[in-house]
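The structure appears below as structure tokens.
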Amino acid sequence: MKVGIVMGSKSDYPVVERTEKILKDFGVEFETRIISAHRTPSAAMEFSSKAEENGIEVIIAAAGKAAHLGGVLAAFTPLPVIGLPVKSSTLTGLDSLLSIVQMPKGVPVATVAIDGAENAGILAVQILSLKYPELREKMKAYKKQMEEDVLRTDAEFQKK
């Protein structure tokens, strides 16, 4: 099981790093690349069109501003693509979010929240869990732990 993470710029890495942590926590292999949809379109096409044969099963595309990366990658692969809009200084990430979610019919890109790096990783794990039952069990345990953490916090809060 392998996820391809592509970011449009090195400046996106502080966000992408949080996605990598989630994948590591679940034991999912990943490959992280810097490929620009606008400055290196041939490299984007090459990566995406060969992703499946390179063992990648889900792609996460992190991009800011015009954020066309996810759509460009989705155009060249049958694999699921998750768009991760990165907050930019221009419109605080709204530009990125709108660019990613406005995909034409036939070229879907699942999209998480602006800077929603953890959810991009979790969604990738959930997609992979359809094929890998061990990931589904880890996801169930993860969700149970989240529930227990909130209940514990609530109980501590109520003691105040």
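Each value in this text was obtained by applying a stated rule to the coordinates, not by laboratory testing. Source: prediction; values computed, not measured. Neighbour counts run over all protein chains shown; Cβ positions are idealised from the backbone, glycine included.
Within 10 Å of each candidate Cβ there may be at most 14 other Cβ atoms; applying that plus a DSSP loop requirement, which trypsin sites (Lys or Arg not before Pro) in segment 5-90 survive?
Sites meeting the loop and neighbour criteria: Arg39.
Going highest first, how would you order 79-86, 118-125 by mean Cβ packing within 10 Å?
Per-residue Cβ counts within 10 Å, averaged per peptide and sorted highest first, yield 79-86, 118-125.
For the chain, max minus min Cα coordinate along each principal axis, in Å, sorted largest first?
That gives 58, 38, 29 Å along the principal axes, largest extent first.
Determine, from the Cβ-Cβ distance of Glu148 and Ala113 and an R0 of 35 Å, the FRET efficiency 1/(1 + (r/R0)^6), rounded to the nearest 0.05.
0.90
Bin by bin, in steps of 5 Å, what percent of the Cα pairs in segment 13-87 do you find, going until the bin that has the longest distance?
Pairs per bin, as whole percents: 3, 16, 28, 27, 18, 7, 1.
Show which aspartates and glutamates lie in cross-link reach of Lys143 when reach means a straight Cα distance below 19 angstrom and same-chain residues fewer than eight apart are skipped.
Within the straight-line cut-off, Lys143 pairs with Glu20, Asp25, Glu118, Glu134, Asp154.
How about segment 1-73: which GluC sites (Glu not before Pro) there are in a DSSP loop, with at most 12 other Cβ atoms within 10 Å of their Cβ?
Hits after loop and neighbour filter: Glu53.
Roughly speaking, what is the centre-to-centre gap between segment 76-126 and segment 39-74 when only Cα atoms are used, to the nearest Å?
Cα centroid to Cα centroid, the span is 12 Å.
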